[in-house]
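S.K.: So that we are looking at the same thing, I have put the structure below in structure tokens.
Rule-based calculations on the coordinates, nothing more; no lab input. Here the structure is a predicted model, which means the values were calculated and not measured. Note that we place each Cβ from the backbone using ideal geometry, even for glycine, and neighbour counts take in every protein chain shown.
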């Protein structure tokens, strides 16, 4: 796999798209981003000291219905990275990693499909290592703060790349999801309500129970106290 390390770019996810035509598995990481993106088009604070990482992977004969496993693999890689520094985070459905009730990392995935098959994926990961996240008003945390010692972005990046290249299973993902069975606040468009999180299905949907009825969510936001 090709690995490219850069000083500064707008977005690692945008930059790595130049390799799509080459059909070459590639990892790109930058010390800072000027136009980092989160989910739903939100900006992602990308100051120096964090790990900003994108991986482009091509697949053969992977059904589109298995695309959620791309995200589970990325989340497990982030968790394993933190665990190697003595930090034990948990996964919040569907694409965030939290520790101590604060966001440690965000994951943004762009999949490319060809018919009923997953052709390629771009996995963007922003992991707080030694960067100052105080401007986010206490909603984010860094590996260094959690570990009680400085963990450099270089050290965290090297570990994340190693863990991303390591295989993982859906069970590895589920073992780091700890909010199931609890009450969550669900936001679907303009509607907010409380429900019980029951199960994460193999296709990535979250099974909830609301007023005694079971329903599977494919697109929503949940709020939980971690």
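S.K.: What number in nm² do you get for the stretch 90-149 if you take the convex hull of its Cα atoms and divide its surface by four?
M.R.: For the Cα atoms of the stretch 90-149, the hull's average projected area reads 5.1 nm².
S.K.: Determine the equivalent ellipsoid of the stretch 102-226 by diagonalising the alpha-carbon gyration tensor, then write out the semi-axes as square roots of 5 times the eigenvalues, largest first, rounded to whole Å.
M.R.: After diagonalising the Cα gyration tensor, the semi-axes are 29, 22, 14 Å.
S.K.: Dividing the Cα radius of gyration by the Kirkwood radius, what Rg/Rh value follows for the stretch 178-220?
M.R.: 0.93
S.K.: Just from its helices, what would the mean residue ellipticity at 222 nm be for the chain, if runs of 4 or more DSSP H residues each count -39500 (n - 2.57) and the sum is divided by every residue, rounded to the nearest 500 deg cm²/dmol?
M.R.: My calculation for the chain gives -5500 deg cm²/dmol from helical runs alone.
S.K.: Could you calculate the FRET efficiency of residue 183 with residue 112 from 1/(1 + (r/R0)^6), where r is the beta carbon distance between them and R0 is 45 Å, rounded to 0.05?
M.R.: 0.75
S.K.: Then there's this: Could you check the simple spin-label distance between residue 209 and residue 136, using points 7 Å along Cα→Cβ, in nm with one decimal?
M.R.: Placing both labels 7 Å beyond Cα along the Cβ direction yields 3.3 nm.
S.K.: With the calculation restricted to Cα positions, what are the radius of gyration and Dmax of the stretch 4-136 in angstrom?
M.R.: Answer for the stretch 4-136, Rg first and Dmax second: 14.7, 44 Å.
S.K.: Please report Rg over Rh for the stretch 135-174, where both radii come from the alpha carbon positions and Rh follows the Kirkwood definition.
M.R.: Computed over Cα atoms, the ratio is 1.09.
S.K.: Right, here's the next one. Which percent, to the nearest 5, of DSSP beta bridges fully inside the stretch 30-166 are antiparallel?
M.R.: 95 percent
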